[in-house]
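Right, one structure below, let's go through it.
Bear in mind these aren't lab numbers, they're just calculated from the coordinates by the rules spelled out. As the structure is a computational prediction, the values presented were derived from the model and not from experiment.
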Amino acid sequence: MVDPGSTFAPQPPRRRGGCLPALVVLVVILGLGFGASKLFGDDHKKSSASPSSSSSHDSGTWKVGDCGGPDPDDAPNGYKAFGCGDSGATFKALDIQPASFMPDSIQCPAGTDLIIQVSISYGSSKSKGGGIPSKTVCGRNLSATHPGDPGAGGGQLVKGDCVTSTAKEVVCASAGPDTYQVLGLTKETSQCPSGTTEPMRLTLAIGRPYDVICAAKR
């Protein structure tokens, strides 16, 4: 998963003049990891930006149920669209959301294993790390491995996950005794549900819908 308050600077869009065809590129903005601070910093879920890749969806059209996977022509970080029955497909889109220059504002549904930013760049060749963000794909692995499930240690922080005393997300099944269960994510400590024994206030992150991890000793 990604540390709740973790932020990274989005890459600025690049434009090229002329009537050039639009090229859709996919950028993974959330993979497997994230990690908070009494004021907690934003390490509990560390997002990672990776180089973009061209997509076979040249129109930029993505819908729920579409599938994708690693782009063999843009390894190791590129992703592209595949038919769900193709051998190259590794994830299915659970949700399609608007693009955002504030990664913390993106909140995918439960079960999301990875988040991919779809961008459009203008030019005749692949644009590494550039483009105008057009939408966000919330993906779930087609395999049986789901780090985005509650307690699994990956994806975005959700109710049911486990964190350390410094708000670093960990896998619940292998967590030590000095860990906490996430009971809720709220803006204020006073909004935490009953049973909360360790409210963890995070440092400010623009766009993030919560500022407090409501946790309890496991």
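Before moving on, here are some points about what is shown:
- Across the stretch 91-98, computed HN-Hα scalar couplings (Karplus, 6.51 cos²θ - 1.76 cosθ + 1.60, θ = phi - 60°) run 9, 10, 6, 7, 7, 10, 10, x Hz from first to last residue, x flagging Gly and Pro.
- Pairs exceeding a 30 Å alpha-carbon distance, out of LYS135/LYS159; LYS135/LYS187; LYS135/LYS217; LYS92/LYS168; LYS63/LYS217; LYS135/LYS168: LYS135/LYS217; LYS63/LYS217.
- If you bin all the Cα-Cα distances of the stretch 61-218 at 5 Å, starting from zero, the percentages per bin are 2, 9, 15, 17, 17, 14, 11, 8, 5, 2, 0, 0.
- Note that the stretch 67-73 has calculated 3J(HN,Hα) couplings of 10, x, x, x, 8, x, 8 Hz, one per residue in order, obtained from phi through the Karplus relation 6.51 cos²θ - 1.76 cosθ + 1.60 (θ = phi - 60°); glycine and proline are x.
- Karplus-based coupling profile of the stretch 190-207, in residue order and whole Hz: 5, 8, 5, x, 4, x, 5, 10, 9, x, 10, 7, 8, 5, 4, 9, 4, x, with θ = phi - 60° in 6.51 cos²θ - 1.76 cosθ + 1.60 and x standing for Gly or Pro.
- Note that the stretch 156-218, at 10 °C in a medium of 1.306 mPa s, gets a Stokes-Einstein diffusion coefficient of 137 µm²/s from its Kirkwood radius over C-alpha pairs.
- Residues whose amide H falls under 5 Å from that of LYS80, counting only those 5 or more places apart or on a different chain, are GLY69, ASP71, with hydrogens built in the peptide plane.
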